[in-house]
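Participant: Before I ask anything, let me first share the structure, which is written out below as structure tokens.
The values are calculated or read from the model by the stated rules, or taken from the named source; none is laboratory data. This is a predicted model, so every value here is computed, not measured. Neighbour counts run over all protein chains shown; Cβ positions are idealised from the backbone, glycine included. Quick note on the areas: whole protein, heavy atoms, side chains included, nothing else; ligands and nucleic acids left out. Shrake-Rupley method; radii C 1.70, N 1.55, O 1.52, S 1.80 Å.
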Amino acid sequence: MRMYDIILKKRNGGELLKEEIDFFIEGYTKGSIPDYQVSALLMAIYFRGMNKRETADLTMAMVNSGDKIDLSKIEGIKVDKHSTGGVGDTTTLVLGPMVAAAGAPVAKLSGRGLGHTGGTIDKLESIKGFSVEMTQDKFIENVNRIKLAVGAQTGNLTPADKKLYALRDVTATVDNISLIASSIMSKKIAAGADAIVLDVKTGSGAFMKTIDDSFALAKEMVDIGTNVGRNTVAIISDMDQPLGFAVGNALEVKEAIDTLKGCGPSDLYELCLALGSQMLMLSKKAKDEKEAREKLEAAVKSKEALNKFKEFVKAQGGDISMIDNTELLPKANLEIDVKAEKEGFVSKITADEIGLAALSLGAGRETKEGSIDLSVGIIISKKVGDYVNKRDVIAKIYANDIEKAKTAEQKIHEAYHIVKEKVEVRPLIYGIVT
Ligand code: URA
Ligand code: CA
């Protein structure tokens, strides 16, 4: 087989065979096929597209390019959740305990990675003593006993995707639905989940800016999952403003704890109920959405979800007094109010910009080796639809450096769009693709 023929076939609009897809993914991972040929193929795929079968084959070829995590020793149906991006995504911290309290196993293997804020592990390390250091046997035992564990992802998962994603980034071939869908799904499948719930974000702060594109991406991912025997459901949710109020590591942990205590932001809680319901149904712990929601709401009201979070944190060495009293979480030295520069209705809060503001405070890593300041971040206090007077506080900055705080303040002003006319608030959830 020759890479040249594969490029030519796709360039002319042909359908690639499974063997051809396997050949190019294997060769690219090993290094026997050069970047320039793969670049040409990516561009041909970008213009000619791939059908469902090709997309599923590409996904599985990437899954098979590296290690796969085996969760088979965990009892029950393991459902994983993935968000296509969003700033300060606190849902995992809330969903894990809620879903676990309702009986479904949650085995989360997380990375640290780059981003506006840290990953799930970094956030949890705001709690003194919390650690993901444990043997694989201990991880499995914890999930079987408590129904919830967070471990560090080790091993070499989907190396083909890592190389391809980096190449797409510099060849203007990221925004193709087949390529995005196969990239995301390959990572979820390699991570060992039996079933997958996707939170596909739509709006200014998301990959997919329009509702139609977001549904198309959701459908593509659901089809891949179904095609390869992993039940997959997607929820399309709004990203025209950050979810909840907190962006920052310790601040998000506090927000998650507040939500588990029943006094968190309503949009965050609502999205967790929606995603959690799908997770419970896929793991066969609820027969329909009504029953699933009731179980999740009951778990929060009875404090079982909060207690589940404590049980899990304690099992991983964390100091649970910080959960009872969130004032004990890491705290920044400076608190600075950001005030509206004009009056009117908030029409949009660009999530990306808020994320960059948090990053500039030190809440996330700019390079792989970078360190994170767990205490810093932003709490937004006005949401889309709210009316603000000039000089009203729209957000609060938590910082340890006044110069960084000034940079963040500028970015927060850029994120907030304030208009004269009353604005219609967009729905939180646009639909579900099954
Ligand atoms: N996220 C991914 O992991 N891959 C893509 O291609 C796009 C977003
Ligand atoms: Ca948040």
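Participant: Look at Leu95 and say whether it is under 29 Å from the mean Cα position of the chain (by Cα) and either open to solvent by less than 20 Å² (accessible area, probe 1.4 Å) or within 16 Å of ligand 2 (Cβ to nearest atom) (or both).
Facilitator: Yes: the conditions hold for Leu95.
Participant: Identify, by number, the condition in (1) among the hydroxyl-bearing types (Ser, Thr, Tyr); (2) more than 16 Å from ligand 2 (Cβ to nearest atom); (3) closer than 21 Å to His116 by Cα that Ser237 doesn't meet.
Facilitator: Going through (1) among the hydroxyl-bearing types (Ser, Thr, Tyr); (2) more than 16 Å from ligand 2 (Cβ to nearest atom); (3) closer than 21 Å to His116 by Cα one by one, Ser237 breaks only (2).
Participant: Considering only strands (runs of 3 or more DSSP E) fully contained in the stretch 319-434, which possess at least 1 residues that are touching a Pro at 6+ places or on another chain (Cβ under 7 Å) and more than 30 Å from Ile196 (Cα to Cα)?
Facilitator: Output list reads 377-380.
Participant: Let me ask something additional. If you check every pair at least six apart or on different chains, which have Cβ atoms under 8 Å apart with a residue in the stretch 57-80 that is touching a residue at least 12 places away in the same chain (Cβ under 8 Å) first and a residue that is acidic (Asp, Glu) and surrounded by 22 or more Cβ atoms within 10 Å (Cβ to Cβ) second?
Facilitator: Met62/Asp161; Ser65/Asp161
Participant: Can you pull out every residue in the stretch 25-58 that is closer than 13 Å to Ser182 by Cβ, of a type outside the set (A, V, I, L, M) and open to solvent by less than 10 Å² (accessible area, probe 1.4 Å)?
Facilitator: Answer for the stretch 25-58, where residues must be closer than 13 Å to Ser182 by Cβ, of a type outside the set (A, V, I, L, M) and open to solvent by less than 10 Å² (accessible area, probe 1.4 Å): Glu54, Thr55.
Participant: Can you pull out the residues in the stretch 92-147 that are hydroxyl-bearing (Ser, Thr, Tyr) and under 22 Å from Glu270 (Cα atoms)?
Facilitator: Selection gives Thr92, Thr120.
Participant: Just to be sure, is Ala298 surrounded by fewer than 18 Cβ atoms within 10 Å (Cβ to Cβ) and of a type in the set (A, V, I, L, M, F, W, C)?
Facilitator: Answer is yes for this residue.
Participant: Tell me which helices (runs of 4 or more DSSP H) are completely within the stretch 33-110 and hold 3 or more residues being within 16 Å of ligand 1 (Cβ to nearest atom) and within 30 Å of Gly355 (Cβ to Cβ), or say none if there are none.
Facilitator: It comes to 35-48, 52-63.
Participant: Let me ask something additional. Taking interchain pairs and intrachain pairs at least six residues apart, which have beta carbon atoms under 9 angstrom, with the first residue in the stretch 179-197 and under 14 Å from Asn156 (Cβ atoms) and the second small (Gly, Ala, Ser) and away from ligand 1 (no atom under 13 Å from the Cβ)?
Facilitator: Partner pairs satisfying both residue conditions: Ser186/Ala61; Ser186/Ser65; Ala190/Ser65; Ala190/Gly66.
Participant: Same structure again: Look at Ala152 and say whether it is modelled with pLDDT under 95 and either more than 18 Å from the chain's Cα centre (by Cα) or open to solvent by 20 Å² or more (accessible area, probe 1.4 Å) (or both).
Facilitator: yes
Participant: Give the residue that is nearest to ligand 2 (Cβ to nearest atom), with candidates limited to residues of the stretch 184-199 that are within 25 Å of Lys163 (Cβ to Cβ) and within 14 Å of the chain's Cα centre (by Cα).
Facilitator: Looking at residues that are within 25 Å of Lys163 (Cβ to Cβ) and within 14 Å of the chain's Cα centre (by Cα), I get Leu198.
Participant: Can you tell me which residue among Gly31, Gly86, Gly14, Gly66 is away from ligand 2 (no atom under 16 Å from the Cβ), touching a Gly at 6+ places or on another chain (Cβ under 9 Å) and not charged (D, E, K, R)?
Facilitator: The unique qualifying residue is Gly66.
Participant: Another one. Do we find that Lys73 is surrounded by fewer than 22 Cβ atoms within 10 Å (Cβ to Cβ), farther than 15 Å from Arg230 by Cβ, at pLDDT 90 or above and in contact with a helix residue (DSSP H, G or I) (Cβ under 7 Å, 6 or more places away or on another chain) in this structure?
Facilitator: So Lys73 passes the test.
Participant: Then there is this: How many of the residues in the stretch 221-234 are β-branched (Val, Ile, Thr), outside any helix (DSSP H, G or I) and crowded, with 24+ Cβ neighbours inside 10 Å?
Facilitator: Counting residues in the stretch 221-234 that are β-branched (Val, Ile, Thr), outside any helix (DSSP H, G or I) and crowded, with 24+ Cβ neighbours inside 10 Å gives 1.
Participant: Any chance you could count how many residues in the stretch 406-434 are over 30 Å from Gly225 (Cβ atoms) and either open to solvent by 30 Å² or more (accessible area, probe 1.4 Å) or more than 26 Å from the chain's Cα centre (by Cα) (or both)?
Facilitator: Going through the stretch 406-434 one residue at a time, the tally reaches 16.
Participant: Additional query: Considering the stretch 326-361 alone, what residues qualify as being open to solvent by less than 50 Å² (accessible area, probe 1.4 Å) and out of contact with any helix residue (DSSP H, G or I) (no Cβ under 7 Å at 6 or more places or on another chain)?
Facilitator: If the condition is that a residue be open to solvent by less than 50 Å² (accessible area, probe 1.4 Å) and out of contact with any helix residue (DSSP H, G or I) (no Cβ under 7 Å at 6 or more places or on another chain), then Ala332, Ala340, Gly344, Phe345, Val346, Ser347, Ala351, Gly355, Ala358, Leu359 are the ones that fit.
Participant: Please determine, by comparing only the residues of the stretch 173-220 that are basic (Lys, Arg) and open to solvent by 10 Å² or more (accessible area, probe 1.4 Å), which one is farthest from ligand 1 (Cβ to nearest atom).
Facilitator: Among residues in the stretch 173-220 that are basic (Lys, Arg) and open to solvent by 10 Å² or more (accessible area, probe 1.4 Å), the one farthest from ligand 1 (Cβ to nearest atom) is Lys219.
Participant: Quick one: which residue in Gly118, Gly111 is among the small types (Gly, Ala, Ser) and in contact (Cβ under 8 Å) with a residue 60 or more places away in the chain?
Facilitator: Gly118
Participant: Do we find a residue being touching a helix residue (DSSP H, G or I) at 6+ places or on another chain (Cβ under 7 Å), within 20 Å of Thr84 (Cα to Cα) and part of a helix (DSSP H, G or I) anywhere in the stretch 280-300?
Facilitator: There is no residue in the stretch 280-300 that is touching a helix residue (DSSP H, G or I) at 6+ places or on another chain (Cβ under 7 Å), within 20 Å of Thr84 (Cα to Cα) and part of a helix (DSSP H, G or I).
Participant: Let me ask you something else. Does the stretch 238-279 hold any residues that are closer than 25 Å to Lys331 by Cβ, of a type outside the set (S, T, N, Q) and assigned to a helix (DSSP H, G or I), and which are they?
Facilitator: Those that are closer than 25 Å to Lys331 by Cβ, of a type outside the set (S, T, N, Q) and assigned to a helix (DSSP H, G or I): Ala250, Leu251, Glu252, Val253, Lys254, Glu255, Ala256, Ile257, Asp258, Leu260, Leu268, Tyr269.
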